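The structure under discussion appears below in the form of structure tokens.
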Amino acid sequence: HRELLESRRYLQQISGQPVDCFAYPYGEYDLPVASAVSQAGYRAAFAVIPHPVGLPAFEIPRLDLYFSSPEYLSLKLSGLRWPALRGPILS
């Protein structure tokens, strides 16, 4: 919890901007981690492979871009891996 708070404060300080979103390292998380991110003041979080834990704003799928070839990026952006999100996520 301390690391979440301190890193958020630091990023806000050096950027001069609010930091409201979080990306789980390596996309890994569970309910206790998602809850800690929420309690640290983030409004949303992104995961490589979402695991439904009951906090939709903290389970947003993101693209994992580990290679830079145009074909790889095109496949990722095609939406074949994850369907498009529908409905409001952030209230």
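The values are calculated or read from the model by the stated rules, or taken from the named source; none is laboratory data. Nothing here was measured: the structure is a model prediction, and the numbers come from that model. Note: ideal-geometry Cβ built from the backbone for every residue, glycine included; neighbour counts use all protein chains shown. Quick note on the areas: whole protein, heavy atoms, side chains included, nothing else; ligands and nucleic acids left out. Shrake-Rupley method; radii C 1.70, N 1.55, O 1.52, S 1.80 Å.
Could you count how many residues in segment 23-82 are of a type in the set (Ser, Thr, Tyr) and at pLDDT 90 or above?
Final tally of qualifying residues: 5.
Residues in segment 1-14 that are open to solvent by 60 Å² or more (accessible area, probe 1.4 Å) and of a type in the set (D, E, K, R): Arg2, Glu3, Glu6, Arg9. Taken together, the residues in segment 1-43 that are free of Cβ contacts under 8 Å to residues at least 12 places away in the same chain and under 18 Å from Ala57 (Cα atoms) amount to 4. Sort out which residues of segment 15-35 are surrounded by fewer than 17 Cβ atoms within 10 Å (Cβ to Cβ) and assigned to a helix (DSSP H, G or I), and write them in order of number. Those that are surrounded by fewer than 17 Cβ atoms within 10 Å (Cβ to Cβ) and assigned to a helix (DSSP H, G or I): Ser15, Pro25, Tyr26, Gly27, Leu31, Pro32, Ser35.
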